[in-house]
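Reviewing the structure listed below.
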Amino acid sequence: MYPVARSSARLALRETDIGDANGVHAIYGDAEATAHMSFEPRTRDQVGQIVAGWIASATAEPRTEYGLVVVERDTQHMVGVGRLAIDPHQQRAATMGFALRPDAWGVGYGLETVHLLLAAAFLDLDLHRVWGARSPLNDASARTMSAAGMVEEGVIRSHIQRAGQWRDSIVHGILAEEWKRPA
C-alpha cells in the first residue's frame, strides 16, 4: 500500500521523504531517545541511509516495510517515527516499532502513534497480528502498548546485543479481533 496516510486528533502518520532525514536523526542520533532501542545512536550519514531505504521500500512490490514519520497535524513538525515490517515467518503479521523525540515525551503522542500504526496495520493492510518488542527497562513503552490493547506475551532471552551486552526483549502483541479503534 502506498501512500500510508493516517491522522488522529493531534498527529499525522505519513510516508517518509528525503527532507525528513534531519528530523529522523533528531531521534535516531539522540542517546536519550535510543537508550532502549536495539542500536546505539546513529550518525547523520547512517540515518540518511535508513531514510533512503524507507523511501525505496515504499514503492517496492511487494511492500514489506513501512518506515513512516509522525508529525503534529497543526504545525507539520516531526515528533516521531513509526515502523511496520511484514513478518515473513507469520501469515498476515507485522512487527511494529515507534520512537519519539525526547521533547515530545509525556504528552500522549506515543499512544496516538501506536493507535495510528495499528489502524494502518488492521484497516489498511488487513493484517491479523501485530507485535512489538521492548527493552525490559522501558516502562513507558510497556504502558503505551498496554494502553493500546497490546498484551505482554513473553520474553525473548538475550535478544539484543548493545554496547557489548546482551539484553532480553519483552514481546507485546495484538490480534485484529482484539483491536478497538480509538474513540
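Calculate, for Arg10 and His89, the FRET efficiency according to 1/(1 + (r/R0)^6) with r their C-beta to C-beta distance and R0 25 Å; round to the nearest 0.05. Don't skip to the end; give the middle numbers.
Numbers: r = 35 Å, r/R0 = 1.39.
Step by step, r from the Cβ atoms, then E = 0.10.
Looking at region 76-180, what % of the alpha carbon pairs are farther apart than 16 Å? The partial results should precede the final answer.
Numbers: 3171 of 5460 pairs.
Result for the distance tail: 58 percent.
Roughly how many Å is it from the Cα centre of region 45-114 to that of region 125-183, as a whole number?
15
How big is the accessible area of Glu32 in square angstrom, nearest 10, if you roll a 1.4 angstrom probe over the protein chains?
About 110 Å², ignoring ligands and nucleic acids.
Here are labelled values, [x] 38, 37, 35; [y] 96, 42, 23; [z] 79, 32, 22, and one is the computed Cα extents along the principal axes in Å for what I pasted. Which one?
Computed from the coordinates, Cα extents along the principal axes in Å corresponds to [x].
Under 10 Å, Cα contacts only: if you run a Gaussian network model on the chain, which one of Ser169, Ser158, Ser38 comes out with the highest mean-square fluctuation?
Ser158
Heavy atoms only, probe 1.4 Å: what % of the accessible area of the chain goes to carbon and sulfur, would you let me know? Write down the numbers at each step before the final one.
Details: 4750 of 9400 Å².
On the chain, the fraction of accessible area on carbon and sulfur atoms equals 51 percent.
Convert 20 °C to kelvin, take the viscosity as 1.002 mPa s, use the Kirkwood radius over C-alpha pairs of region 87-138 as Rh, and evaluate the Stokes-Einstein diffusion coefficient in µm²/s, rounded to a whole number.
Numbers: Rh = 12.3 Å.
The Stokes-Einstein estimate is 175 µm²/s.
What is the set of long-range amide H partners of Arg101 at a cut-off below 5 Å, with H atoms built 1.01 Å from backbone N?
Hits under the 5 Å cutoff: Gly80.
Which whole-number percentage describes the relative contact order of the chain, with Cα contacts under 8 Å and a sequence gap of 6 or more? Numbers along the way, then the final one.
Values: 343 pairs, mean separation 34.1, N = 183.
Worked out over the chain, it gives 19 percent.
Roughly how big is region 48-183's charge dipole about its Cα centre, with Cβ charges of +1 (Lys, Arg) and -1 (Asp, Glu), in debye to the nearest 20?
Values: 13 positive and 15 negative charges, 53 e Å.
I would put it at about 260 debye.
What list of ³J(HN,Hα) values in whole Hz, one per residue of region 35-43 in order, does the Karplus curve 6.51 cos²θ - 1.76 cosθ + 1.60 (θ = phi - 60°) give from phi, with Gly and Pro shown as x?
With coefficients 6.51, -1.76 and 1.60, one gets 3, 9, 7, 7, 9, 6, x, 8, 6 Hz.
For region 99-110, what does the Karplus curve 6.51 cos²θ - 1.76 cosθ + 1.60, with θ = phi - 60°, yield as ³J(HN,Hα) per residue in whole Hz, taken in order and with x for Gly and Pro?
Those phi angles translate into 8, 10, 5, x, 6, 10, 6, x, 10, x, 5, x Hz.
From the C-alpha coordinates alone, can you work out the Kirkwood hydrodynamic radius of region 6-99, in Å? Display every interim value, and only then the final one.
Values: mean 1/r = 0.0721 Å⁻¹.
It is 13.9 Å.
Counting C-alpha atoms alone, how compact is region 1-42: give Rg to one decimal and Dmax as a whole number, in angstrom.
Gyration radius and largest Cα-Cα distance of region 1-42: 12.9, 33 Å.
State in Å² the accessible area per residue of region 47-116; use a 1.4 Å probe, count heavy atoms of protein chains only, and round to the nearest integer.
Working: 3290 Å² over 70 residues.
Per residue, region 47-116 has 47 Å² of solvent-accessible surface.
The values are calculated or read from the model by the stated rules, or taken from the named source; none is laboratory data. This one's a predicted model, so the numbers in the text were calculated from it and none came from an experiment. Backbone-built Cβ (ideal geometry, glycine too); neighbour counts: all protein chains shown. Note: accessible area is taken over every heavy atom of the protein model, side chains too, but ligands, DNA and RNA are not part of it. Shrake-Rupley method; radii C 1.70, N 1.55, O 1.52, S 1.80 Å.
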